[in-house]
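Each remark here refers to the structure printed beneath this line.
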Amino acid sequence: MIVKITSSGGLPGMGIDKTIDGGRLPAAMQAKLQAAFDPAVLRRLEQATPHPGAADMHDYRVTVTDDSGAVHRFKLSEASMPAETLDLIDDL
Amino acid sequence: MCMSSDCRHFGHRHSIQCIVPPHMLKVLALRGDDATAKMAKALLQQNEKLREERAEQPVGGMVAVQSAPGVFVSNALAAAPQPATLKREIFDGGQRATLPGTRLRGEGDPPSGDASADAAYDGAGDVFDLYSAEFSRNSLDGNGLTLTATVHHRRNYNNAFWDGRQMAYGDGDGRIFQTFTELSVIGHEMTHGVVQFSGGLDYQGQSGALNESIADVFGSLVLQRKHGQDVGDADWLVGKGILGPTINGVALRSLKAPGTAYSDVLLGKDPQPYHMDLFVTTTDDNGGVHINSGIPNHAFFLYCVYLGGNAWERPGQIWYRALQKLNNPMATFAEWAAETVDAAIELHGMGSLEMVMLRRAWKLVGIAV
Ligand SMILES: [Zn+2]
Ligand SMILES: [Zn+2]
């Protein structure tokens, strides 16, 4: 699994651009990545609406290339992503 | 407007009252056709229940004006001023994303020794004081809301935000940003809370850029008032000193000269326009909410220069009153400008210097009103 993440928005109006290659991670990390960026999971998170008053949070564009080579694209709000997934983005 | 979908955030699921602000439901209950009115009333009742449960903060804070049925103003203008009740809770995020984190300092506690936590605590007090002393507003919701902030949010996090209930501040990555607990930034984030509880401004396109601009304006006013700076003394910067040591720039944004705050290989160039002719059309950043805010920001600055004196006095009062009376979450720049002119007329009279100069300021950024 290869995960490409870019973000926009945020107080400075600038974001990150990161590509994580699951194949290069230790097995335990790889399992975490697989679970957090499972396209079925992301599709569900994509339906979430951030709190209407929220401001300066990031919007993430996530492209997941699964092991079969299929490409899945998502647009996710920082507010709707689980803390563990955000921690994973920060750590990797 | 979608009335049937669910809202999900922060790991909990709850229904429509989160998506449609209460004041809009009230309008629908009054003005909608029978079916819509019935649904809106049912949702309002649910909302009341939810509010009692205090599961999360309500969004609107709007009340009907007794003497003018169908007219809604923020309860901060409608009600007699409440006594100020300052209550701060500062948490340590420990570089992780979970909110709020570990409690570090509560109201009245001595300094924690954590510089970010103490800056967030002191800053929240200064912002509370501006709204309380100058605008008779008791906290962000006008009702004594506890000011909750998390510092050390996430790792190398180049951002600060208001999530609908609390403030969160990253430490920055040390390269592009070195801190986010600077007073104008704290004022900016907390003002997003004030906007939310004043009826809200949809975080997209022009209404989103107005939300951003109002946050910048009051963020700057907190700083100016704290340091006793008049219009000429103030630097009109938001986020001065938060950029990394090697970044070529002075701040995040400049109300005085939008587009000039920084120009750097890492950070790029400050993209803010100061005139409608330079309005940026983009799908990023919710339609450039942090970019096009430069236009109303600059109108506010010009107006303050025309009037002189302290910006948080006449100009601040007009901006605050316009926000309380706007009752239009989808407002365009032109609609907001008209609301500010209405506020200037109400406070200072038709044809007053305050009104004439305000129209001139808006005209100078390309907005005729
Ligand atoms: Zn903002
Ligand atoms: Zn909600």
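Kirkwood-based Rg over Rh for segment B:200-246 (C-alpha set), two decimals? Can you show the working numbers first?
Details: Rg = 13.2 Å, Rh = 12.2 Å.
When Rh is taken as the Kirkwood radius, the ratio is 1.09.
At each listed q (0.14, 0.16, 0.20 Å⁻¹), what is the log10 of I(q)/I(0) that the Debye formula gives for segment B:205-364 modelled as equal alpha-carbon point scatterers?
These q points yield log10 I(q)/I(0) values of -0.68, -0.88, -1.32.
Once R0 is set to 22 Å, what does the formula 1/(1 + (r/R0)^6) return for the Cβ-Cβ distance between A:Leu25 and A:Arg61, expressed as a FRET efficiency to the nearest 0.05?
Once the sixth-power term is evaluated, E becomes 0.55.
At a 10 angstrom cut-off on C-beta neighbours, averaged per residue, how do the peptides B:143-152, A:19-28 rank from highest to lowest?
Working: B:143-152: 22.7, A:19-28: 12.3.
The peptides rank, most packed first, as B:143-152, A:19-28.
Largest first, how would A:His72, B:His153 line up by accessible area (1.4 Å probe)?
Per-residue accessible area, sorted high to low, gives A:His72, B:His153.
Pop the C-beta distance of A:Arg73 and B:Ala368 into the FRET formula with R0 = 35 Å and round what comes out to the nearest 0.05.
0.25
Kirkwood hydrodynamic radius, chain A, all distinct C-alpha pairs: what's the number in Å? Intermediate results must be reported in sequence, preceding the final value.
On the way: mean 1/r = 0.0739 Å⁻¹.
Its Kirkwood hydrodynamic radius stands at 13.5 Å.
Using a 10 Å cut-off around each Cβ of peptide B:208-219, what is the average number of partner chain Cβ atoms that fall inside? Can you show the working numbers first?
Details: counts 2, 0, 0, 3, 4, 0, 0, 3, 0, 0, 0, 0.
Taking the mean over all residues of the peptide, I get 1.
Segment B:300-369: Rg/Rh from Cα coordinates, Kirkwood Rh?
Radius of gyration over Kirkwood radius for segment B:300-369 works out to 0.93.
Can you give me the long-range amide H partners of B:Leu140? Hydrogens built in the peptide plane at 1.01 Å from N, cutoff under 5 Å, separation of 5 or more residues or another chain.
It is B:Leu145, by chain and number.
For peptide A:80-90, compute the average count of partner chain beta-carbon atoms within 10 Å of each residue's beta-carbon.
Mean shielding by partner chains, rounded to a whole number: 4.
Compactness ratio of segment B:75-196: Cα Rg over 2.2 N^0.38 Å, N = residue count?
Details: Rg = 14.1 Å, N = 122, 2.2 N^0.38 = 13.7 Å.
Expressed relative to 2.2 N^0.38 Å, the Cα Rg reads 1.03.
For segment B:145-237, taking Cα atoms only, what is the radius of gyration to one decimal and the Dmax to the nearest whole Å?
Values for segment B:145-237 (Cα only, Rg and Dmax): 13.8, 38 Å.
In sequence order, what are the phi-derived ³J(HN,Hα) couplings for segment B:236-241 according to the Karplus relation 6.51 cos²θ - 1.76 cosθ + 1.60 with θ = phi - 60°, rounded to whole Hz, with x for glycine and proline?
Ordered by residue, 3J(HN,Hα) equals 6, 9, 10, x, 5, x Hz.
Run the 1.4 Å probe and let me know the accessible area of B:Leu364, rounded to the nearest 10 Å².
Rounded to the nearest 10, the figure is 90 Å².
Using only DSSP helix segments of four residues or longer, with each worth -39500 (n - 2.57), what per-residue ellipticity at 222 nm results for chain A after dividing by its residue count and rounding to 500?
-8500 deg cm²/dmol
Which one, B:Leu302, B:Leu267, B:Val280, projects farthest toward the positive side of the charge dipole computed for segment B:221-307 from Cβ point charges (K/R +1, D/E -1)?
Positive-end residue among those listed: B:Leu302.
Calculate the dipole size of segment B:166-299 relative to its Cα centre from +1 charges on Lys and Arg beta carbons and -1 charges on Asp and Glu beta carbons; express the result in debye to the nearest 20.
200
Would you work out the charge dipole size for segment B:75-196 about its Cα centre, treating the Cβ of every Lys and Arg as +1 and the Cβ of every Asp and Glu as -1, and quote it to the nearest 20 debye?
So the dipole magnitude of segment B:75-196 works out to roughly 360 debye.
Top to bottom by accessible area (1.4 Å), largest first, where do B:Thr340, B:Thr283, B:Thr98 land?
So the residues, ranked largest to smallest area, are B:Thr283, B:Thr98, B:Thr340.
The values are calculated or read from the model by the stated rules, or taken from the named source; none is laboratory data. Nothing here was measured: the structure is a model prediction, and the numbers come from that model. Positions of Cβ are generated from backbone atoms using ideal geometry, with glycine treated the same way; all protein chains shown enter the neighbour counts. The area values use the complete protein model at the heavy-atom level, side chains included, leaving out ligands, DNA and RNA. Shrake-Rupley method; radii C 1.70, N 1.55, O 1.52, S 1.80 Å.
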